[in-house]
C-alpha cells in the first residue's frame with residue numbers, strides 16, 4: 001500500500017537500491033562513444049605510474065586521451081587494481097617504452113576509465129584523441145568536473161590567465177590549460193601566432209604550424225577569425241622570455257562565449 005512506501009523501515013531498505021540506481025545512472029551519463037575495436041583484455045596487476053598500468057600477463061598499457069594530475073595515480077589504484085579490463089583503440093603499436101596505448105573499459109562497461117577520471121577531476125583531456133565523437137565525449141566528462149570544481153578543478157590556479165604570462169612561464173615544461181582573449185593573429189613564415197599580449201616577446205602566445213592549419217580550416221575554425229575571441233587552450237608550455245603553447249591538434253583549442261565565466265564552459 002502507499003502508506004508502507006513512506007514508512008522509515010521501508011525507506012531504509014530502499015536506500016541501497018536507490019544508491020545503486022544513481023550509480024548506474026551517473027555512469028550512463030558518462031557513457032562514451034569511444035567503443036573502438038578491442039585490442040585485447042587482461043587483469044590489472046599494478047599501477048606503474050599516473051599514466052600506465054601493468055596487466056597480469058606483463059603488458060604495460062598507457063592510458064590515451066588524458067593528462068595526469070597529482071591525484072591520477074591514486075584514483076587509478078582505487079579504480080583498477082585487480083580488475084578485468086578491455087583495451088580499445090585504433091592503433092595497438094607500442095610506443096618507444098613498449099607500452100600499448102588504449103582506452104580502458106572495466107569489464108563490459110560502456111564508460112571508459114578515462115571518462116571516469118575526467119568526471120572526477122582526477123585527469124585533464126590531452127586532445128590526442130582525433131575521433132570527433134570520442135574527443136567530444138571526453139571533453140564533456142572533463143566539463144562535469146570543471147563546472148562542479150571537483151578534484152584538480154577545485155584549485156583556482158588550475159586554469160591559467162593568459163594575461164599573466166609570468167605565472168604561465170613558471171610552469172614551463174608542464175601541461176597547462178590557459179584561458180584568455182586573443183589580441184592579434186599574425187603569420188610569420190610557416191607559423192601563425194595567436195598573441196594574448198601586446199608585448200609579443202614577453203606575452204603568452206599560441207603557435208600553429210602551417211601543417212596544422214588545414215585541420216582548423218576543415219573544422220570551420222579559421223585562425224584569423226580567432227582575433228578578439230576568448231579561447232581556452234591546452235598543451236605543454238614552452239618558451240624562455242615569453243611562454244607559448246604549440247598547438248598541433250584542433251581539440252587543443254576551445255572557443256568561449258564573451259560573457260562566460262572562466263573555467264565554466266563545457
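The values are calculated or read from the model by the stated rules, or taken from the named source; none is laboratory data. Quantities reported herein were computed from a predicted structural model and do not represent experimental measurements. As a convention, Cβ positions derive from the backbone with ideal geometry for all residues, glycine included, and neighbour counts pool all protein chains shown.
Kindly provide the set of residues from region 43-54 that are within 16 Å of residue 112 (Cβ to Cβ) and part of a strand (DSSP E or B), ordered by number. Talk me through it step by step, then tell me what you get.
First pass over region 43-54, keeping only residues within 16 Å of residue 112 (Cβ to Cβ): 44, 51-53.
Result: 44, 52, 53.
So residue 234 passes all but one of these: (1) assigned to a strand (DSSP E or B); (2) surrounded by fewer than 12 Cβ atoms within 10 Å (Cβ to Cβ). Which condition number does it fail?
Every condition holds for residue 234 apart from (2).
Could you list all residues from region 232-244 that are modelled with pLDDT of 95 or more and more than 16 Å from the chain's Cα centre (by Cα)?
Taking region 232-244 as the starting set, the residues that turn out to be modelled with pLDDT of 95 or more are 232-238, 243-244.
Once the filter is applied, which keeps residues that are modelled with pLDDT of 95 or more and more than 16 Å from the chain's Cα centre (by Cα), region 232-244 yields 237, 238, 243, 244.
Which one of these does residue 39 not meet: (1) outside any strand (DSSP E or B); (2) at pLDDT 90 or above; (3) closer than 21 Å to residue 132 by Cβ?
If we test residue 39 against (1) outside any strand (DSSP E or B); (2) at pLDDT 90 or above; (3) closer than 21 Å to residue 132 by Cβ, just (1) comes out false.
Looking at region 145-162, which of its residues are more than 11 Å from the chain's Cα centre (by Cα) and surrounded by 15 or more Cβ atoms within 10 Å (Cβ to Cβ)? Steps first, answer last, please.
If we filter region 145-162 for residues that are more than 11 Å from the chain's Cα centre (by Cα), which is where we start, we get 147-162.
Passing the criteria: 149, 150, 151, 152, 153, 158, 159, 160, 161, 162.
Do we find a residue being in a loop (DSSP other than H, G, I, E, B), more than 20 Å from residue 125 (Cβ to Cβ) and modelled with pLDDT of 90 or more anywhere in region 245-256? Can you show your working first?
Quick first cut of region 245-256, residues in a loop (DSSP other than H, G, I, E, B) only: 248-249.
From what is left, the residues that are more than 20 Å from residue 125 (Cβ to Cβ) are none.
No - not one qualifying residue is present in region 245-256.
Looking at region 55-92, which of its residues are part of a loop (DSSP other than H, G, I, E, B) and under 17 Å from the mean Cα position of the chain (by Cα)?
Correct list: 64, 65, 69, 70, 71, 89.
For residue 117, indicate whether it is touching a strand residue (DSSP E or B) at 6+ places or on another chain (Cβ under 7 Å) and buried (at least 22 other Cβ atoms within 10 Å of the Cβ).
On the way: touching a strand residue (DSSP E or B) at 6+ places or on another chain (Cβ under 7 Å): yes; buried (at least 22 other Cβ atoms within 10 Å of the Cβ): yes.
When the stated conditions are applied, residue 117 passes them.
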